[in-house]
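Shown next, in structure tokens, is the structure this report addresses.
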Amino acid sequence: GCFVFKPSTKKRRSSEKTASDFRSTSHDSEDTELRFVTCQSLWNQIKSETEQIQEDLNKQLLDNLLSFLSRSHSDFQEKTTKWTCRMKFREIPTAALVLGVNVTDHDLTFRGLSDVLQDNITPYVALLEAKDCPGIKNLMQKLMGQLMNCDIDVDSLEDEECVQVSQNRIRCSMPSLVSWYGSVTKKTDSETPSKKRNSSSRHWQSPPVVVIFKDMESFTTKVLQDFIVISSQHIHELPLVLIFGIATSPMIIHRLLPHSVSSLLCIELFQSLSCKEHLSTIIDKLLLTSQFPFKLGGKVLQILINIFLYHDFSVQNFIKGFQLCIVEHFFSQPLSVLCCHLADIKKRVYSLSHDQCENIRRLPSFRRYVENQESGKQIELLTNDSFLKEETEKLLEDLHVYHENYVSILRCLHVFTSSLPKYPLGKQIRELHCACLENQVWETEEYESSLQLARMLNKTDLVTMLQQCVEILISSGKQFDRTVEKLKEFLTQFQNLEETSQERDVSLSSQKELQKKTDLYHLQKTLLELKESRRSKKLTKFEMLRFEVVDYIDRLVRKYLVPADNRTLHEIVYFNAATVLRGHLNAAPRTALHTALNNPHWYLKNQALKCDGGGISNKAPDICIVYKLHLECGRLINLVDWLEAFSTVVMAAEEPNADAASSDQVDDIIHARFIRAVSELELLGFIKPSKQKTDHVARLTWGGC
């Protein structure tokens with residue numbers, strides 16, 4: 001069903017006011033050009049970092065594919081026994097590339113694969129999509145067109161089985177492709193030694209022909225069967241290699257192809273990195289770093305992650321949402337000019353104008369900061385711009401230090417929580433990051449459960465975790481020197497600790513008990529029993545040291561993992577407008593369409609289209625005039641009356657013309673404009689022809705947006 005939920009009038013007015021404020025912000029504020037340059041520079045840095053991350057993540061997969069293609073090609077090149085055996089059975093080397101259900105990310109992977117193949121293995125690479133290949137003739141046309149570097153327009157061909165290459169027409173068939181390949185490789189062999197040496201440095205001699213089926217599931221069974229059967233008959237003449245892009249499961253090959261056809265393929269399976277692991281790496285490199293000053297708030301990050309997990313699993317869409325957050329933050333926040341690297345803060349702070357200083361004083365976090373200061377300092381902060389700039393510089397530097405410390409301690413906490421059963425705070429670091437951003441994590445039940453479980457870890461696990469934390473904090477810098485010394489002291493105490501066999505058995509038995517009973521009920525029951533048993537007996541040295549380690553980690557969490565909303569001037573670097581982001585990403589097409597047709601000034605920003613009181617401007621586009629007139633009608637609309645009303649609005653500002661001939665010509669033009677506008681409304685689904693009355697149309701939409 002389709003349901004319409006009308007928002008309250010009060011809520012609608014407030015949202016319109018917010019949107020208008022955002023639109024006017026970039027025009028009224030100062031340093032608009034600097035904000036734009038800063039935003040563009042930041043995004044370019046993030047974009048290059050993202051591309052490098054994706055290249056590194058796909059490197060192993062691409063290397064394996066190159067190795068596979070090299071082996072397949074070398075077999076054909078050397079005419080070995082292996083190739084001869086494969087030729088007898090007419091097997092085609094085939095790579096089944098399982099990429100996952102995030103189909104929108106596949107294009108980037110295939111483009112990277114195509115570039116790598118053309119740079120290292122072969123210039124003959126064809127990318128085929130199911131929508132372009134409804135039949136075997138279309139597939140052969142696309143294949144030969146891409147291999148011969150010519151674009152083919154199927155509709156413009158007189159003979160559908162031929163393609164135009166230079167001045168010659170070549171028949172689209174496998175024998176034609178074989179003969180073309182033979183002629184091309186002969187030309188390469190007949191080149192001068194210097195040219196041949198240059199070409200062989202990039203491509204193999206007699207390079208393979210690689211055909212990539214980007215979306216194998218969407219190809220019809222008959223097209224795939226015909227192409228594979230035909231290709232297998234020419235495999236001894238053409239070094240063909242197939243790559244199947246698979247979104248679901250490798251079993252789709254056997255579901256689409258019968259055994260008689262699949263037996264013609266020599267299939268090797270390749271698995272790409274999981275999209276969830278891909279996302280975790282992106283978040284780790286872009287958000288959990290001090291390299292980029294821009295940050296996402298907890299609710300905003302949760303929206304982007306939810307869209308990823310519950311809609312498309314697309315990393316590319318996540319990055320686009322991240323880009324939208326950057327643009328929206330720099331557009332709507334006048335003080336985003338201060339969202340820069342640490343080296344540029346001083347210069348930009350001292351170049352602030354008085355109006356921008358007033359913007360700082362209006363920030364809610366700065367108001368809370370002023371309220372906690374002494375009366376003399378409060379007066380200076382609110383009246384002295386120079387003093388305010390000095391304090392702002394210190395606060396922004398403190399915010400950068402907070403980010404560095406936050407990330408380091410967050411990683412240490414993740415070392416502990418990711419090793420616990422049931423993962424109370426989540427297995428991935430992004431889940432822990434969201435929990436720390438939204439609330440004081442030490443006040444949550446999940447955190448308390450994690451501490452209780454950590455207090456029952458065995459000696460080996462604790463030592464391993466402490467060693468990982470030491471490595472993380474050492475790489476973070478000198479600010480954690482004391483913390484590193486304390487953790488090393490704990491490690492020394494664990495090494496010197498000698499427990500009795502009885503105490504060790506108790507600890508191990510409790511750990512085994514926890515691992516066996518993983519359901520929540522038995523886990524809680526075991527925890528309560530262990531808690532009661534501790535009350536009745538004296539703690540061992542190991543248990544006391546274990547409690548001390550967990551308590552120390554708890555103190556670090558309470559000190560460094562304070563939510564960013566509690567930090568002064570966090571509005572400058574954090575984007576927290578979750579409602580705005582949700583409005584951009586969660587599309588409401590009917591509302592947008594109604595707004596565009598009912599009030600074109602909202603999008604076109606043309607003052608001539610602005611009209612108050614529900615009037616209709618004759619300067620508006622024809623479809624807008626027709627739409628607003630149709631809102632005044634009932635279920636059935638008389639086309640003659642509609643045309644007369646349209647003509648009245650259009651002719652309202654024009655002077656009456658005495659010339660009858662020109663008047664008739666104008667009427668014809670208005671009539672044509674009306675017919676076109678009505679046809680556009682019908683295409684959009686607002687009206688439809690009525691069978692009750694031939695000169696009427698039926699209205700299809702009701703109610704407001």
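Structure values in brief
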item: Test: residue in segment 480-487 that is open to solvent by 40 Å² or more (accessible area, probe 1.4 Å), closer than 23 Å to Leu432 by Cα, modelled with pLDDT of 90 or more and in a helix (DSSP H, G or I); result: no
item: Looking only at segment 540-567, and only at residues there that are open to solvent by less than 30 Å² (accessible area, probe 1.4 Å) and β-branched (Val, Ile, Thr), the one that is farthest from Ser336 (Cα to Cα); result: Thr540
item: Any chance Phe227 is of a type outside the set (A, V, I, L, M), open to solvent by less than 10 Å² (accessible area, probe 1.4 Å) and assigned by the TED database to the domain that holds His341; result: no
item: Members of segment 685-697 that are open to solvent by 20 Å² or more (accessible area, probe 1.4 Å) and either closer than 14 Å to Leu631 by Cβ or of a type in the set (Asp, Glu) (or both); result: Asp695
item: Residue list for segment 366-404, filter: buried (at least 19 other Cβ atoms within 10 Å of the Cβ) and among the polar types (S, T, N, Q); result: Thr392
item: Qualifying residues in segment 632-645 (those that are within 47 Å of the chain's Cα centre (by Cα) and at pLDDT 90 or above) - the one nearest to Gly615 (Cα to Cα); result: Trp642
item: Leading residue by the ranking (nearest to Cys412 (Cα to Cα)) among those in segment 290-318 that are of a type in the set (Ser, Thr, Tyr) and either at pLDDT below 90 or assigned to a helix (DSSP H, G or I) (or both); result: Ser290
item: Top-ranked residue of segment 405-449 - restricted to ones that are crowded, with 17+ Cβ neighbours inside 10 Å and farther than 28 Å from Ser365 by Cβ, ranked as farthest from the chain's Cα centre (by Cα); result: Ser449
item: Unmet criterion (only one of (1) under 30 Å from Ile92 (Cα atoms); (2) hydrophobic (A, V, I, L, M, F, W, C); (3) surrounded by fewer than 17 Cβ atoms within 10 Å (Cβ to Cβ); (4) in contact with a Lys or Arg (Cβ under 9 Å, 6 or more places away or on another chain)) for Ile267; result: (4)
item: Looking only at segment 580-602, and only at residues there that are part of a loop (DSSP other than H, G, I, E, B) and closer than 30 Å to Asn306 by Cβ, the one that is modelled with the lowest pLDDT; result: Ala587
item: Residues being open to solvent by 30 Å² or more (accessible area, probe 1.4 Å), of a type outside the set (Asp, Glu) and free of Cβ contacts under 8 Å to residues at least 24 places away in the same chain - total across segment 622-650; result: 2
item: Residue list for segment 593-632, filter: among the aromatic types (Phe, Trp, Tyr) and farther than 18 Å from Val678 by Cα; result: Trp602, Tyr603
item: Yes/no for Ile616 being at pLDDT 90 or above, in contact with a helix residue (DSSP H, G or I) (Cβ under 6 Å, 6 or more places away or on another chain) and among the aliphatic types (A, V, I, L, M); result: no
item: Close pairs (7 angstrom Cβ cut-off, 6 or more residues apart or separate chains): closer than 25 Å to Phe318 by Cα and touching a residue at least 40 places away in the same chain (Cβ under 8 Å) in segment 580-608, open to solvent by 90 Å² or more (accessible area, probe 1.4 Å) and part of a helix (DSSP H, G or I) anywhere; result: none
item: Search result, residues across segment 180-224 that are open to solvent by less than 40 Å² (accessible area, probe 1.4 Å), modelled with pLDDT under 90 and charged (D, E, K, R); result: none
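The values are calculated or read from the model by the stated rules, or taken from the named source; none is laboratory data. These numbers come from a predicted model, not from an experiment. Cβ sites come from the backbone with ideal geometry, for glycine too, and all protein chains shown count toward neighbours. Note: accessible area is taken over every heavy atom of the protein model, side chains too, but ligands, DNA and RNA are not part of it. Shrake-Rupley method; radii C 1.70, N 1.55, O 1.52, S 1.80 Å.
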